[in-house]
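Participant: My questions will all concern the structure given below.
We did not get these values from a lab; they are worked out from the coordinates using the rules stated. Small disclaimer: the values here were computed from a predicted structure and weren't measured. Don't worry about glycine lacking a Cβ; one is built from the backbone with ideal geometry, like all the others, and counts go over all protein chains shown.
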Amino acid sequence: MTRAYSRAGEQVRIEQHGDGPLVVRHADVVVTDDGREHEVTRPVVAVCTCAKSQRLPWCDSTHKAVRDSTRKSVRDSTRNPVRRA
Amino acid sequence: MPLPDDLDNLMFEEDLQLALWMLYEQSYRSFEGAHDHEWDPAAVAVRRRLEAPFEAQLRSATATMVSDALESSDDVVDQIEHVIAHAPGPDLARFLHREATREQVLDFLAQRSIYHLKESDPHSFVVGRVGGPAKVALAELQYDEFGAGRPERLHSRMYAAGLEAAGLDPAFGAYIDRTPASTLAVNNLMSLLGLNHRLRGAALGHLAAFESTSSVPCRRIAAGIERVGLPEAMADYFHEHVEADAAHEQIVLHDICGSFVESEPDQQAEVLFGVAACLYLDGIAAEALLGSWIDADDGELAS
């Protein structure tokens, strides 16, 4: 389970919407499952939860491409694709 | 001052888009010594005369995108994602990533400088127009865009540094003469939405579309810049946006647009209009840019 902490003892806030990344605020360090510590250099960061990011531990939105291709293959498999202009 | 009757698609009208752009720029910082026109009643009257048909045509062009999204769900975040998933337009980032020549990448960077050298300024006008959690989240996002306390990370400054390293002119407006109407329209839309209180919902929707369609394309554009051998400083600007905009996407969808629609439910369709207008114009501008490269080659681009 990914953790995060603030050196100044600020309350770190972590949120997640649906299957999206973790949105982490007020953290100085994000600690990933393997115990490695990652410096946070932004006021708010998105931490990958799909493990497909090319910039782990940070989200690079690859989850959307993965999700879209999954949806596409599901749609293709129905042989009745919804077409839009 | 009446507009000519024979104007068809205003998004391709160079004179109209350039005039509107010059009038909007009065509210930023690009025309040194010429700021007296910002509240000149005659200039404001012309601005309103030009922006009314511009807005009307955008509303008409995006009406189906908005109504389809409204029918797809009751939740504004799902609706925004619906508009994005069904937006028309070519994949410009993919082309820049895989196929564009060095000159085409430079052309893209020069034309985009009209926006990136004043990045996030248009949406800053909206901070004072909204309240509560949406205001807090918008300020948080803008703080990151404006360098998060570090002047060297100011996005517009990073872009200027990239242009300079790539041998391009980093001065704002340097490439205005070769910026086509459709790219001016992309910029005018942001000013139209940012400078009108009644369009604050659309401005937030526009920001949602912008941030939610940025992360993956920026990764591709950075790779394209590296592929054609342009300097790292230019690629850095786009690399910066991959992680930043992945976070901004979450903030703008849920904390900005979600909170805003909760506090002002009658603005829901306006938010979607902003999303649709952004993507509609982005598509037109991308098509025009790719088309200009085909014309210049006097042949067909490889697909």
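Participant: Out of every Cα pair in region A:3-77, what percent are spaced more than 15 Å from each other?
Facilitator: 58
Participant: While we're on this one: Based only on Cα atoms, what Rg/Rh ratio does the protein assembly as shown have, Rh being taken as Kirkwood's radius?
Facilitator: 0.96
Participant: Further question on the same structure: Within 10 Å of each Cβ in A:6-17, how many Cβ atoms from other chains are there, averaged over the peptide?
Facilitator: The shielding value for this peptide is 1.
Participant: By per-residue mean of other Cβ atoms within 10 Å, what is the highest-first order of B:162-171, B:270-279, A:20-29, A:4-13?
Facilitator: Result, highest mean first: B:270-279, A:20-29, B:162-171, A:4-13.
Participant: Average the reciprocal distances over every distinct pair of alpha-carbons in region B:64-109, invert the result, and give the Kirkwood radius in Å.
Facilitator: The answer is 12.6 Å.
Participant: If I model a spin label at B:Asp295 and A:Thr41 as a point 7 Å from the Cα along the Cα→Cβ vector, what separation in nanometres do I get?
Facilitator: 4.2
Participant: Here is a follow-up. Pairs of Cα atoms under 8 Å, at least six residues apart: use those to get the relative contact order of region B:172-302, whole percent.
Facilitator: The normalised contact order for region B:172-302 reaches 35 percent.
Participant: With a 10 Å Cβ neighbour count serving as the proxy for reagent exposure, in which order, fewest first, do A:Thr32, A:Thr62, B:Thr183 appear?
Facilitator: A:Thr32, A:Thr62, B:Thr183
Participant: Further, regarding this structure: May I ask you to derive the relative contact order of region B:10-297, considering only C-alpha pairs under 8 Å and at least 6 residues apart, and to give it as an integer percent?
Facilitator: Across region B:10-297, relative contact order equals 29 percent.
Participant: Provide the FRET efficiency to the nearest 0.05 for the B:Arg49-B:Asp169 pair, computing r from the beta carbons and using R0 = 35 Å.
Facilitator: 0.60
Participant: Would you mind giving the mean number of other chain beta-carbons within 10 Å of the Cβ of each residue in A:55-65, as a whole number?
Facilitator: 5
Participant: What distance in nm separates the two pseudo spin-label positions at B:Ala139 and A:Thr2, each 7 Å out from Cα along the beta-carbon direction?
Facilitator: Simple spin-label model gives 2.7 nm for this pair.
Participant: Please list B:42-54, B:97-109 highest first by mean number of surrounding beta-carbon atoms within 10 Å per residue.
Facilitator: Taking the mean over residues of other Cβ atoms within 10 Å, the ranking is B:97-109, B:42-54.
Participant: Per Stokes-Einstein, at 4 °C and 1.567 mPa s, what whole-number D in µm² s⁻¹ belongs to chain B, with the Kirkwood radius over Cα pairs as the hydrodynamic radius?
Facilitator: Roughly 66 µm²/s, to the nearest whole number.
Participant: Another one. Among B:Leu192, B:Gly131, A:Ala27, whose Cα lies farthest out toward the positive end of the dipole of the protein assembly as shown, if unit charges sit on the beta carbon of Lys, Arg (+1) and Asp, Glu (-1)?
Facilitator: About the Cα centre, the residue reaching furthest to the positive side is A:Ala27.
Participant: Also: Between B:Asp91 and A:Val29, what FRET efficiency comes out of the Förster formula 1/(1 + (r/R0)^6) with R0 = 41 Å and r the beta carbon distance, rounded to 0.05?
Facilitator: 0.65
Participant: Relative to the present Cα-Cα distance, how much length would full extension add between B:Arg59 and B:Glu71 at 0.36 nm per residue of separation?
Facilitator: 2.6 nm
Participant: Under a plain spin-label model, where a point goes 7 Å from the Cα along Cα-to-Cβ, how far apart in nm are B:Arg29 and B:Asp266?
Facilitator: 3.7
Participant: Just how far, in whole angstrom, is region B:11-76 from region B:125-201 if you go by their alpha carbon centroids?
Facilitator: 15
Participant: Normalised by the residues of region B:106-213, what does the relative contact order come to in percent, with Cα pairs under 8 Å and at least six apart?
Facilitator: 38
Participant: Which ordering of B:Tyr280, B:Tyr143, B:Tyr175 is given by a fewest-first count of other beta-carbon atoms within 10 Å?
Facilitator: Ascending Cβ contact count within 10 Å gives the list B:Tyr143, B:Tyr175, B:Tyr280.
Participant: While we're on this one: Work out the length of the dipole vector of the protein assembly as shown about its Cα centre, built from +1 on the beta-carbon of each Lys and Arg and -1 on the beta-carbon of each Asp and Glu, and round it to the nearest 20 debye.
Facilitator: 980
Participant: Compute the distance from the alpha-carbon center of region A:1-69 to that of region B:210-260, in whole Å.
Facilitator: Measuring centre to centre over Cα atoms gives 16 Å.
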